[in-house]
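**Q** My questions will all concern the structure given below.
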Amino acid sequence: MTQESQNTSLTLEMSLRSTEISSHQPSFSSVNLVNSYRSWMDSYLTKTPTKLRIIDIFCSLCLLLTIIPAVYSFIIGKFIINALLSGIFAPLGTLIFTACLRFQLSKESGLSRANEQRTFIEYLVCMAVFYISVINFLG
């Protein structure tokens, strides 16, 4: 074999190896992300009961209401600190209590219908006590 044919066979072999290596690497493209999101959303919409989806929407709203005053305080400043802290911790506490309610009402908890009603009443009592303390903190 000549030197030139050895170089071309070596080049061909190296390109095949690089193709094998690159085929095993995961590809992160926007199409894969969109397909993953769609499959997750389809699964969420079909498997999650309506009352848990409503609770999830309320948790998202509470998270948004926690972020808005925090961003406002970083941009504008801490003018009235008690109002700012109440404005941040009131939706944050609501988010935590509601997440606990969602956990208790999910299928994995195995609560009966009567226990679901008792859980919701306990949630309302906790929220009432929590908001009384938030209003008291305002001054």
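The rows are residues; the columns are (1) modelled with pLDDT of 95 or more; (2) of a type in the set (Phe, Trp, Tyr); (3) closer than 23 Å to residue 72 by Cβ; (4) crowded, with 16+ Cβ neighbours inside 10 Å.
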| site | (1), (2), (3), (4) |
| --- | --- |
| 90 | no, no, yes, yes |
| 94 | yes, no, yes, yes |
| 103 | no, yes, no, no |
| 107 | no, no, no, no |
| 118 | no, no, no, no |
| 129 | yes, no, no, no |
| 133 | no, no, yes, no |
| 138 | no, no, yes, no |
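**Q** Checking the conditions here, which among 53, 17 is among the basic types (Lys, Arg) and at pLDDT below 85?
**A** Among 53, 17, only 17 is among the basic types (Lys, Arg) and at pLDDT below 85.
Every residue, every condition in (1) among the charged types (D, E, K, R); (2) within 20 Å of residue 56 (Cβ to Cβ), yes or no:
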| site | (1), (2) |
| --- | --- |
| 78 | yes, no |
| 84 | no, no |
| 88 | no, no |
| 95 | no, yes |
| 106 | no, yes |
| 118 | yes, no |
| 124 | no, yes |
| 127 | no, yes |
| 136 | no, no |
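**Q** I'm checking my understanding of the structure. Among residues of the stretch 54-88 that are within 18 Å of the chain's Cα centre (by Cα) and of a type in the set (S, T, N, Q), which one is surrounded by the fewest Cβ atoms within 10 Å (Cβ to Cβ)?
**A** Among those residues, the one meeting the criterion is 60.
**Q** Tally time: how many residues in the stretch 46-95 are in contact with a Pro (Cβ under 8 Å, 6 or more places away or on another chain) and within 23 Å of residue 136 (Cβ to Cβ)?
**A** Adding up the residues that qualify gives 6.
**Q** Counting only residues that are touching a Leu at 6+ places or on another chain (Cβ under 9 Å), more than 18 Å from residue 105 (Cβ to Cβ) and not aliphatic (A, V, I, L, M), which one in the stretch 56-78 is modelled with the lowest pLDDT?
**A** 78
**Q** Looking at (1) over 16 Å from the mean Cα position of the chain (by Cα); (2) modelled with pLDDT under 90, find the lone condition where residue 37 falls short.
**A** Residue 37 satisfies all of (1) over 16 Å from the mean Cα position of the chain (by Cα); (2) modelled with pLDDT under 90 except (1).
**Q** Identify the residue in the stretch 79-88 that is of a type in the set (Val, Ile, Thr) and over 12 Å from residue 65 (Cβ atoms) and, among all such residues, is modelled with the lowest pLDDT.
**A** 80
**Q** What are the residues in the stretch 44-65 that are without any contact (Cβ under 8 Å) to a residue 40 or more places away in the chain and aliphatic (A, V, I, L, M), if any?
**A** Selection gives 45, 54, 57, 61, 63, 64, 65.
The values are calculated or read from the model by the stated rules, or taken from the named source; none is laboratory data. Here the structure is a predicted model, which means the values were calculated and not measured. Ideal geometry is used to build each Cβ from the backbone, glycine not excepted, and the neighbour counts take in all protein chains shown.
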